Structure formats: C-alpha cells, structure tokens
Amino acid sequence: MGASLGSVALTAMMASDLDAAADGPLAPRPQQAPAQAQRCIFLMMEGGPSHIDTFDPKPELERLHLQEFNRSGEQKSAMESGKRYFVKSPFKFRQAGQSGADMAENWSHLAGVADDLCFYRGCQVDSVNHPTAMYQMNCGNRFGGDPAMGAWVTYGLGSVNQNLPGFVVLPADSYPQGGSANWSNGYLPAHFQGTPLRPTGSPILDLNPPAGVSRQRQRQNLDLIATLNQQHAAQHPTHDDLSARIANYELAFRMQMQVPEVLDMSDEDQRTLDMYGVGKEPTDAFGRKCLLARKLVSSGVRFVQLYHGSWDSHDYIARAHGSLVSAVDQPIAALIQDLKDRGLLDTTLIVWCGEFGRSPDNGVRGGTAYGRDHNPKAMTMWMAGGGVNAGHTIGATDETGAQAVENVRHVRDVHVTLLRLLGLDDNKLTFYHAGRFKQLSQFGGKVIDELIA
C-alpha cells in the first residue's frame, strides 16, 4: 500500500505498452473508432495562403479598395499597426461544381474536383510568426519540441508496410520555417519521426550499398552491428534511441529493396505524367511530389506531408499568388482524381492548408503594392476523401475576411477532427511524458462534427 494504487496502475499501463510494442513499434494497429480514412496526405502551403484570394471572396473589399486608416493598440503587432489600406482581390471568383464552391478562377483544374472538397473557414490559430504558427499547425504546440501530427498518426495506427517509413515528408528545396522540428517525433519514441526525401539528387543519401559491397556482406555487417547495439541496449534499457537505432538499420536495409521501386516513375504511363504536369513548367516539381505521394500511400505509407512555399505574399499578391497557384493547381487536382480512379480516395484523407490566413489590408510601406499581412484569426483550409463532408463549405468570415465569425474553432479542434477522421481519439491517443499523459491537442478539444460526412 505504501507504493499507492496510482503507481501500481501506472506500472500496469506501462507494462501493457511494452507488451504492445513486442510486435514492433510500427506494427499496424486497429483504429480506436470506426472511420473511413486509413492514411493521410497533408498538403502544407507554407507562408500563409490568402483565403481572400483563393477560396473566400470578399466583394466588400471592392468598395473599400485603397481606403486608408490607422490601427493601434497594445494587442496589435508592429506588422498590423500604423497606417493601413484595404486591398481588393486581383482575382475573379466563380462558383465551381454542383456544390457551388467559391474558387478564384485561376484554380482552373481544382474546380473540376470541387464537389470532392470540404472547405472550412472557421479555423483560428494563436501566432502571427511563421515558425511558431508552423509548429502549432503541425505539432499542436507553438514552441516546438512536440510530436508532429504524422508522428501521432503512425504512433496510433502503425504502418502497413514495414519496408518503408510510416511517416514521409516531401519538403521544398529549402526546409520550411522551423526546420525539421515540423516533422519531429518529439517525446514519442524515435521510430515515429518523419523521414524527409530530398527534392533534388538522390531522395535518400546512401540508399545503395557502396561499390563492391554485396548484400550478403552488408547483411553480415548489420548482424554484427545489431549484436553490439543489443548488448549496449541491455545495459541501458531506458534509452529508446538505442532500440530505434537498431530498428532503423534494419529498416534502411529493407528500404534498399523497395524504395527505388516506389520512387521510380518510369513505370507510370505518359497519360499519368501529363495529368500531374510532370515534365513541364511550372508544375513539374510539385507534380512529382503529388505523384510520389500517391505511390507512397499506395505502397502502405501511413502519412505523407508535402510542402510548397512560400505563400508569404506581403506585396504584389497578383503576381506572387498567381505563380504559386499555377504550380500546384494541376498536380493537386490530378492527385485527387487519380486516387478516386484507383478507389483510394474514400480511404485517403487529403488536407490543404497553411499556417494562418492573410489580412484584408496592408501597411503603407513606401507606397501601395497590393499585398497582405499575416492573419491568425481567419483562414481557409479544405479536406477531401476519407469521410469528409464533401461538397460543403463550413464556417464563414466577416465581410472583409478579417476574422472568422461562424463555426469558429481553435486549431486544436481541427487536429482532433483530423484524428477522428483517421479513426483515432485524441483523448485515448496519449503518451506518458514529464509526469503526465500528453496528446496532440495539448489539453483536449472537440470534434468539428460538420466536417464529417
């Protein structure tokens, strides 16, 4: 009794966790709740795409265009203070599909799959700074160091293919603001961290054995290393990194057999390559990522995150957002249609978003350049596949797009909803760390029921 019943219960739970890990940390696990989605492709538009210039038209800005005003206050950042002027959107809008989804006209390809999308306009975040907002969107915590959503999903569901990482990241030429902490395993075991594939050159360094080293010789080397590592791990049973290192050596050996096949696009017919925009500009780079994402989830990878940036259009938004949309519009539409044609869209959750939205106004900085500043209080994201409420727009922003006013929810509720779409319960998907059970939402959240079909 001196040990207390609480510690006995904790010991029993931790022993249960160890038993569950006996089949391997990435072994497939059942969903915690019934759900259609079995995998996720997360399209991160780093920099903060403007909802006002993509999927949330604001006719009122036509009337207010170039009207100047001053903003001040202790709660206002230096960026949003001082002399300001309203900016109308340079893009014309239309209603796409039978659902009548609002889309800027330069989303010409995505308009063809508009009825597969569920738009959400009610999300709010806490930060106007890129790194902290990226951390919050990806990891639930503005200050970094916590597990990314992809790490939580693979922790909860495992991975179907033990020869590939469960969580794969396809970054842009440069890493996003905040760096690799955006796909960190945080305090979860190291097995669950994201594996980035390099955008140029060999996707994974040292993927092939050195010249003159046969697979038999490599296998013998790995067996020797495993023996030494296991002896060391036995002396330090609480060091998770040691067991993860052993598992990673073995995964790397298996990846040498399957990764080249998955990454090889020579087996794709020309029609598919053309559909994604591979081989032409400006769609080639992101088209390859979207096609690779389809190949990865088809091969059993649980969570794939694609980065595209930068959408931080403070000035000349017509030119900046115009070129960005032209690079991703066709590849994203192709990804949705390709998954649909292969019967995979219903079980694949696709998410499109940035770290925050943009303001309806801009600061006067030596003139007017028709751009927008950061806005954490209004943004648009959309989802497709995986049991989402397709063909609907949920939530709304005010007449200028400055703030969400209908179905307003914090980003933690979005995280809880995405987990629920994947069959995971945020209150059950926890990990004991630093004296308490932690979760993606930090301290709980509520599912946004309107986003689920």
Among the Cα-Cα pairs of region 365-433, the proportion with separation greater than 19 Å, in percent, is 53
Which one, PRO171, ASN161, GLY144, is farthest towards the positive end of the dipole of region 40-189 when Lys and Arg carry +1 and Asp and Glu -1 on their Cβ? GLY144
Using the Karplus curve 6.51 cos²θ - 1.76 cosθ + 1.60 with θ = phi - 60°, work out ³J(HN,Hα) for each residue of region 25-37 in order, rounded to whole Hz, and write x for Gly and Pro. x, 9, 4, x, 10, x, 5, 7, 8, x, 7, 6, 5
Pop out the ³J(HN,Hα) list for region 306-322 in order, Karplus 6.51 cos²θ - 1.76 cosθ + 1.60 with θ = phi - 60°, rounded to Hz; leave Gly and Pro as x. 10, 10, 9, x, 10, 8, 7, 8, 6, 9, 6, 5, 4, 6, 5, 5, x
Phi-based couplings in Hz for region 92-107 (Karplus 6.51, -1.76, 1.60; Gly and Pro marked x): 7, 10, 9, 9, 9, x, 5, 6, x, 5, 6, 8, 5, 5, 6, 8
Determine which lysines satisfy two conditions relative to LYS83: a Cα distance under 26 Å, and not lying fewer than 8 residues away in the same chain. LYS58, LYS377
Excluding residues on the same chain fewer than 8 positions from LYS446, give the aspartates and glutamates whose Cα lies under 18 Å from its Cα. ASP126, GLU406, ASP413, ASP425, ASP426
5 angstrom amide H check on LEU117, placed H, neighbours 5+ away: GLY391
Using amide H atoms built 1.01 Å from N in the peptide plane, name the residues 5+ places from VAL388, or on other chains, whose amide H lies under 5 Å from its own. ALA453
In the neighbourhood of GLY150 defined by beta carbon distances under 12 Å, the net charge of the other residues (Lys, Arg +1; Asp, Glu -1) is +2
Can you list residues whose amide H is under 5 Å from TYR370's amide H, if they're 5+ apart or on another chain and H is modeled 1.01 Å from N? TYR316
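Find the accessible area per residue for region 63-179; the probe is 1.4 Å, ligands and nucleic acids are left out, and the unit is Å².
Computed with neighbouring chains in place, this is 41 Å² per residue.
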Relative packing of peptides 43-55, 404-416, 315-327, 285-297 - highest average C-beta neighbours within 10 Å first: 43-55, 285-297, 404-416, 315-327
For region 35-155, the accessible surface attributable to carbon and sulfur atoms (probe 1.4 angstrom, ligands and nucleic acids excluded) amounts in percent to 43
Cα-based Rg and Dmax for region 21-163, where Dmax is the largest Cα-Cα distance (Å): 20.6, 65
Judged on accessible area alone, 1.4 Å probe, highest first, PHE443, PHE437 line up as PHE443, PHE437
Once the other residues with Cβ under 10 Å from the Cβ of GLY354 are scored (Lys, Arg +1; Asp, Glu -1), what is the net sum? -2
Over region 281-395, the quotient of the Cα radius of gyration and 2.2 N^0.38 Å is 1.24
I'd like to compare 348-360, 373-385, 173-185: which one has the highest average count of other Cβ atoms within 10 Å, and what's the full order after that? 348-360, 373-385, 173-185
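The values are calculated or read from the model by the stated rules, or taken from the named source; none is laboratory data. These figures come from a predicted structure and were not determined experimentally. When we count neighbours, we look across all protein chains shown, and the Cβ atoms used for this are built from the backbone with ideal geometry, even at glycine. What goes into the accessible areas is simple: the full protein's heavy atoms, side chains included, and nothing from ligands, DNA or RNA. Shrake-Rupley method; radii C 1.70, N 1.55, O 1.52, S 1.80 Å.
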